[in-house]
Every structure is written in structure tokens, then in C-alpha cells.
């Protein structure tokens, strides 16, 4: 009986003591590139959307708020949007710092937005878009399980 062997990839040549050749291999890895693209996207977008809750430059955000959500938020719809803006900004910062965990926070947040939009007739197209974003946030979480160290250690190296 012959043994089946798996080819072993040789160690990168010219690897320095700081692992620069390994880092270069990682930078060429399509999955690692996807991890960083999603990490950047889920850092920038929530921060910008959160900031816009205070200024309404992109859109008047209150028009997307279902009445039952407005009923459970303290204060007015405007106050609710300010609170939502703060949460979104924090979510973006958390994704920057620790995507392994924060990606799932963003996914849960998007699920809440989808629920709001599905219960408030007329915004089903936006709910579908946000479902796509939810899937992307879950994908970031899965990729982060490989590329972001567990625990509280933060790495921003590309």
C-alpha cells in the first residue's frame, strides 16, 4: 500500500527574523484582503452614518423610524436618532479595534434595523440592502476569527 502525501509548501526564502516574508504572503492572500476591505468598510460606514444622525446631511433619518421603535426610545425621535448615532459611531470604532467580536455586534445592529424597516411599510428595498450588509458583517466575523487574535490584543497591521 502506498502512502498518499500532501505536498508541503516550502518556507519563504529570505524570511527575516521579524517575519516580513510571512507578512508579504499574508498581504497577497485574497481572504486576508477581503478581511481588510470589510474591516475598513464596517469601520468607516457606521462612523459616517452615526455622525450624520446629528447633521442629517445624507438623509432625514427620522423618516425611517417605525412608530413602535419611536415609542420605546426615550424622548423624541430626534433624541433617539442621536442615541442611535452614538451607538453606530462606537460600533465603527469597535470594528476598527476588534473585528473578531464587533462584527457580530454590527450584524445584530443591522438585524434591528431590518426589523424596523420591515415593520414600517415602504422601505423593503433598504431592508434587503441591509440584509446584504448583515451577511457581509457575518463574513467579516468569520474572517476575523482567522486574522484577528482572540482576546483583547489589538492589531492594526496590514
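Take the conditions (1) surrounded by fewer than 16 Cβ atoms within 10 Å (Cβ to Cβ); (2) closer than 25 Å to residue 138 by Cβ; residue 57 misses just one of them, which is (2).
Filter segment 27-51 down to residues that are free of Cβ contacts under 8 Å to residues at least 40 places away in the same chain, part of a helix (DSSP H, G or I) and farther than 23 Å from residue 110 by Cα, then give me how many there are. Total meeting the criteria: 3. Based on what the data block shows, is residue 130 buried (at least 19 other Cβ atoms within 10 Å of the Cβ), closer than 19 Å to residue 61 by Cβ and under 16 Å from the mean Cα position of the chain (by Cα)? Yes.
What do you reckon, is residue 120 under 21 Å from residue 65 (Cβ atoms) and surrounded by fewer than 16 Cβ atoms within 10 Å (Cβ to Cβ)? In short, no. Taking the conditions (1) under 26 Å from residue 131 (Cβ atoms); (2) at pLDDT 90 or above; (3) within 25 Å of the chain's Cα centre (by Cα) in turn, residue 77 satisfies each one other than (3).
The values are calculated or read from the model by the stated rules, or taken from the named source; none is laboratory data. Source: prediction; values computed, not measured. Glycine gets a Cβ as well: all are built from the backbone with ideal geometry, and neighbour counts include every protein chain shown.
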